[in-house]
Amino acid sequence: MIRIDFNRLKFLVIDDNAHMRRIVRQLLHGFGSREIFEAEDGAAGLEIFTAQKPDIVITDWAMPVYDGIEFTKTVRNSNSPVTRFVPIIMLSGHSEKRCVMEARDAGVTEFLTKPVAAKSLYERILSVVLSPRPFIRTKDYFGPDRRRTVNAKYSGPERRKGTADAEIIEVAPIDNRLQQQRKQAEAASQRPGNAA
């Protein structure tokens, strides 16, 4: 099994159910994460998101005040070039196809149904950290590419290449960005005049 350094990742868990937040927090602690922020709804989550800039957001769908879909749309439509690309994993008891498609169309990166299994959550986090999907920008959508794979046997038109109405934006893996940040921090601490 591939491993990632969870203690370098910051998580934001948004769920109106305190018991569910505790379960997700314990799973993340079990994976090795130490920086986990929590919010009881999307509005409080947005405040924490703006202040803490987590690497990954795990959110519930149905919450009072401001739900997970509204939160996702707000993040994806922000002007911040850094935060709008954050991976958003949605946990929900709503597993109907229309719900999954609505979450996808809002810009959710991954979708998991409750009750959540540790292995499933770990695999989704691994996926968004090591091999993020490119983002697509059209007049109606901004978010992760809805396609997970490229079908070599497909012979129809490629709607996303060579058109003015769709832009493909490659996203660097979080693990690469974290390693780069760590190297920059180490280099800065070793410069003369920067006593630790």
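What follows is calculated from the coordinates using simple rules that are stated; it is not laboratory data. Being a predicted model, the structure only gives us computed values, none of them experimental. No Cβ is skipped: glycine too gets one built from the backbone with ideal geometry, and neighbour counts run over all protein chains shown.
Miscellaneous remarks
- Between ASN7 and LYS139, the modelled labels are 5.1 nm apart [label points 7 Å from Cα along Cα→Cβ].
- Contour excess over end-to-end distance, with Cα ends at ALA172 and GLU123 and 0.36 nm allotted per residue: 15.8 nm
- Each peptide in 32-38, 53-59 receives the mean, over its residues, of other Cβ atoms within 10 Å, and ordering these scores from highest gives 53-59, 32-38.
- Peptides ranked, highest mean first, by Cβ atoms within 10 Å: ranges 75-81, 7-13: 7-13, 75-81
- With a simple spin-label model that places each label point 7 Å from the Cα along the Cα-to-Cβ direction, the separation between HIS29 and GLU96 comes to 3.7 nm.
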